[in-house]
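Colleague: This is the structure I want to talk about, given as structure tokens.
The values are calculated or read from the model by the stated rules, or taken from the named source; none is laboratory data. Please read all numbers here as calculations on a predicted model, not as lab measurements. Cβ: placed from backbone, ideal geometry, glycine included. Neighbour counts: every protein chain shown.
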Amino acid sequence: MSGSILKTIGGWLAGYLNKPIKGYQAFSISDPVKLAQVMRPCDVLLVEGDRRLSTAIKYLTQSTWSHAAIYVGDALGQGNDVETAPVLVEADIKQGVIGVPLGKYAAYNTRICRAIDLTPEDQQRVIAYVVSKMGHAYDLKNIIDLARYLLPMPPVPSSMRRRMLALGSGDPTQAICSSLIAQAFQSVRYPILPHVEELDTPARSRYGDTVREILYIRHHSLFAPRDFDISPYFQVIKPTIEHCFDYKRLVWGNGDHAPDEAA
């Protein structure tokens, strides 16, 4: 398929897939101000999207999270205002790699995932990596591939879903949200979900008796937003708990159910 035809089809699909789906409801919203108070450079913000594209990603990954952005603080030189300053970098389906404020996701379920013990030097390298990709396009081949799985019952065996995330054209000037962030962490050799090889006795003699396993980097195209959530190397940060949560101070309404819930 020629580049111009691919671009035309991808652009049309991007518009279609970027439309919101009906019935989305957020149950655990974090105030952007509270998010800003706890987020640190290189924190990954996972988002439960409300777009048609989100449906495909959540189906393929069997996960709540369909989008990921990385917190870069004031690295883009426009301050830290939660409503206007671009403190997150993400790969947007229509605009490509851009900076956005935390306020963009004020009405969505979100989760913060933090790389444990990432050194200040490596934090700067990770941020420099994603900032260097600003302006790159979203991978149109990824859009076309994902569109195929918006059928009511996509013919995709669960055992194949992980491999089917190896999408995209491979063009270094194009990006996918989770792949961009995975590449940034892999550039400093920080693990997300590496392939782990347990060493037998002969292998240990080659690497040293104290070495029990060897890690191998997975290809960045195989990563999905959920991988930062389930990674043993990332900590889940919950803003409410970080702000001295005390359940004894909560004020409950009368009755057993919320006013808008059916009996």
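Colleague: With the condition kept exactly as written, say whether any residue in the stretch 210-221 is outside any strand (DSSP E or B) and either surrounded by fewer than 10 Cβ atoms within 10 Å (Cβ to Cβ) or at pLDDT 80 or above (or both).
Modeller: yes
Colleague: Filter the stretch 76-130 down to residues that are outside any loop (DSSP other than H, G, I, E, B) and hydroxyl-bearing (S, T, Y) and give me whichever is nearest to I241 (Cα to Cα).
Modeller: The extreme case among them is T110.
Colleague: Could you tell me which residue of the stretch 222-235 is modelled with the lowest pLDDT, considering only residues that are within 14 Å of the chain's Cα centre (by Cα) and assigned to a loop (DSSP other than H, G, I, E, B)?
Modeller: So the residue we want is F223.
Colleague: Give L88, L6, L13 a once-over and let me know the one that is at pLDDT below 85 and crowded, with 16+ Cβ neighbours inside 10 Å.
Modeller: After applying the criteria, what remains is L13.
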